[in-house]
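The values are calculated or read from the model by the stated rules, or taken from the named source; none is laboratory data. Everything numeric in this text was worked out from a predicted model, so none of it was measured. A quick note on method: Cβ atoms are made from the backbone with ideal geometry, for glycine too, and the neighbour counts reach across all protein chains shown.
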Amino acid sequence: MIRHLKEFDKASVAMVTYYPTSAVKRYAQKYGLDKHANFYIGTEGTQLFLKHYYGLTTLPFMALYTKNGDLVHTYHSEKGLTDLLSRLKSLK
C-alpha cells in the first residue's frame, strides 16, 4: 500500500489496529503516513469493535466504501490491493 500512496490521494483511508497508541504513532511516522491528511490511523484498544463488527478472523482486512457510505467490497488479505485500487479508480 505504501508504494501506491498517490492512488489514495482522493480517498479517506482509516487504518485501525489493536496496538497501543505509541506503536501506532511510530508506525505512521516510519512510513510517512502522518504526513497525509487523508490517512486516519488509530487504535481500537482492547474493545475490538471492528473485529466483532466485521467478523474478522485474519488480518489485514480492507473495506471500500463510496462517499455516501455504501459498502463496495471487502478484502480479507493484502492480495486484494490490486482489485481495491481498480475499484477505487472507478468510484466518483
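Can you find even one residue in the range 41-60 that is over 21 Å from Leu91 (Cβ atoms), aromatic (Phe, Trp, Tyr) and out of contact with any helix residue (DSSP H, G or I) (no Cβ under 8 Å at 6 or more places or on another chain)?
yes
Counting just the residues of the range 1-15 that are outside any loop (DSSP other than H, G, I, E, B) and among the hydrophobic types (A, V, I, L, M, F, W, C), which one comes out nearest to Thr58 (Cα to Cα)?
That would be Met15.
Look through the range 70-83, keep the residues that are at pLDDT 90 or above and out of contact with any strand residue (DSSP E or B) (no Cβ under 9 Å at 6 or more places or on another chain), and return whichever of them is nearest to Phe8 (Cα to Cα).
Top of the filtered list is Thr82.
Scanning for something over 12 Å from the mean Cα position of the chain (by Cα), surrounded by 15 or more Cβ atoms within 10 Å (Cβ to Cβ) and of a type in the set (A, V, I, L, M, F, W, C), does the range 28-42 turn up at least one residue?
yes
Can you find a residue in the range 58-65 that is surrounded by 10 or more Cβ atoms within 10 Å (Cβ to Cβ), on the phi < 0 side of the Ramachandran plot and over 13 Å from the mean Cα position of the chain (by Cα)?
no
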